[in-house]
Amino acid sequence: MIYETASAKINLTLDTLFKRDDGYHEVEMIMTTIDLNDRLSFEKREDQKIVLNVDESFIPSDERNLAYRAALLMKETYNIKEGVTITLEKNIPVAAGLAGGSSDAAATMRGMNRLFNLNATLDELSELSATIGSDVPFCIYSQTAICRGRGEIIELLPKTPAAWVVIAKPVLGLSTPEIYGNLDLSKPFEVHTDRCLKAIQTNDYELLCQSLSNRLEPVSMELNKDIKKLKDNMINNGADGALMSGSGPTVYGLAHKERQARHIYNAVSGCCNDVYIVRTLG
Ligand code: C5P
């Protein structure tokens, strides 16, 4: 049996540069991982099947699940004759902007690489994984990085300054294509990519907090009023910085001290069910 951890990600920045001919947006975003994890195990099967067991009944266990698609891709690419049983314990909220599904797919590729002794490098897996989704290549490495292209071109960065992260997901999920579809690129919006890079390179927590910025945040805030409320709530209750992750709707707040994080956690717990206190990992 092989075990893998699939960590959630948060966006420290997200900028959209232009819309491409293929319909995707050219992005530049700095992402890091947090200690909120799905857990996967992998076991060989005598038959050819991919069997995915998920502990949450509302999550599909067929080709709609990115982990299943990742297993299929690995089988086809590396001509694997045996089957695999994958057990997935879900802890990362779905449709949240935390790349939970992408991270499961990435962990599946890493897990099958080990289970079948394929000796593929992370670079190879990352390149292969882009067909599954734009966030999967980042999740293969699962460490702080600046991501370009449609998200699949990864440049690894040093660890972020250590921080407590309070994560809160409003009930109503958001659709990524809809958010990108509603984005008006002619509207000016400043994303502090360089400031964030400097904060990471100099391990400057204060500067990191001042650099949090996401071009999709105002778009998602229009569609889901809880996002702004949560963000304001976090800032008013002592978060050093707060931002929506990805295309949302999850909002996170950063705190230097555990007590400060607990205070923010208690403040937002009243208005949504999915609230977590975690540490940065990346
Ligand atoms: O690659 P992924 O399947 O995660 O993307 C979902 C959707 O999000 C795409 O179909 C596209 O509408 C939008 N998207 C985009 N630009 C990106 C990434 C995603 O427009 N860089």
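The values are calculated or read from the model by the stated rules, or taken from the named source; none is laboratory data. Since the model is a prediction, treat every value here as computed from it, not as a measurement. Glycine gets a Cβ as well: all are built from the backbone with ideal geometry, and neighbour counts include every protein chain shown. Quick note on the areas: whole protein, heavy atoms, side chains included, nothing else; ligands and nucleic acids left out. Shrake-Rupley method; radii C 1.70, N 1.55, O 1.52, S 1.80 Å.
Testing Leu172 on (1) of a type in the set (A, V, I, L, M); (2) away from the ligand (no atom under 15 Å from the Cβ); (3) modelled with pLDDT of 95 or more, one condition comes back false. Which one is that? Result: Leu172 passes all but (3). Going through (1) closer than 15 Å to Leu98 by Cα; (2) hydrophobic (A, V, I, L, M, F, W, C); (3) within 16 Å of the ligand (Cβ to nearest atom) one by one, Ile167 falls short only on (3).
If the condition is being more than 13 Å from the ligand (Cβ to nearest atom) and β-branched (Val, Ile, Thr), then segment 24-43 contributes Ile30, Thr32, Thr33, Ile34.
Residues are listed down the side, and each one gets a yes or a no for (1) open to solvent by 50 Å² or more (accessible area, probe 1.4 Å); (2) within 19 Å of Leu172 (Cα to Cα):
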position	(1), (2)
Gln201	yes, no
Tyr205	no, no
Gln210	yes, no
Leu223	yes, yes
Leu230	no, yes
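Do we have Gly133 as assigned to a loop (DSSP other than H, G, I, E, B), within 14 Å of the ligand (Cβ to nearest atom) and either under 20 Å from Val219 (Cα atoms) or at pLDDT below 95 (or both) here? Here the answer is no, as Gly133 does not meet what is asked. Among the residues of segment 98-117, is there at least one that is within 16 Å of the ligand (Cβ to nearest atom), open to solvent by 20 Å² or more (accessible area, probe 1.4 Å) and not charged (D, E, K, R)? Yes, that holds for at least one residue. So which residues in segment 119-164 are among the hydrophobic types (A, V, I, L, M, F, W, C), in contact with a Lys or Arg (Cβ under 7 Å, 6 or more places away or on another chain), open to solvent by 10 Å² or more (accessible area, probe 1.4 Å) and closer than 21 Å to Tyr68 by Cβ? Result: Ile132, single match. Across segment 1-21, the number of residues qualifying as among the charged types (D, E, K, R) and closer than 27 Å to Leu197 by Cβ comes to 4. Per the listing Asn91, Asn65, Asn79, Asn53, the residue uniquely within 15 Å of the ligand (Cβ to nearest atom) and surrounded by fewer than 23 Cβ atoms within 10 Å (Cβ to Cβ) is Asn65. Taken as a whole, the condition of being without any contact (Cβ under 8 Å) to a residue 40 or more places away in the chain, among the basic types (Lys, Arg) and within 16 Å of the ligand (Cβ to nearest atom) does not apply to Arg20. Among residues belonging to segment 141-154 that are within 16 Å of the ligand (Cβ to nearest atom) and not hydrophobic (A, V, I, L, M, F, W, C), point out the one that is nearest to Asn273 (Cα to Cα). If we take residues in segment 141-154 being within 16 Å of the ligand (Cβ to nearest atom) and not hydrophobic (A, V, I, L, M, F, W, C), then Gly151 is nearest to Asn273 (Cα to Cα). A Cβ distance below 7 Å, combined with a sequence gap of six or more or placement on separate chains, defines the contacts here; from segment 75-97, residues that are closer than 23 Å to Gln48 by Cα and in contact (Cβ under 8 Å) with a residue 40 or more places away in the chain reach residues that are of a type in the set (Val, Ile, Thr) and open to solvent by less than 30 Å² (accessible area, probe 1.4 Å) in the pairs Val84/Ile50; Ile86/Thr108.
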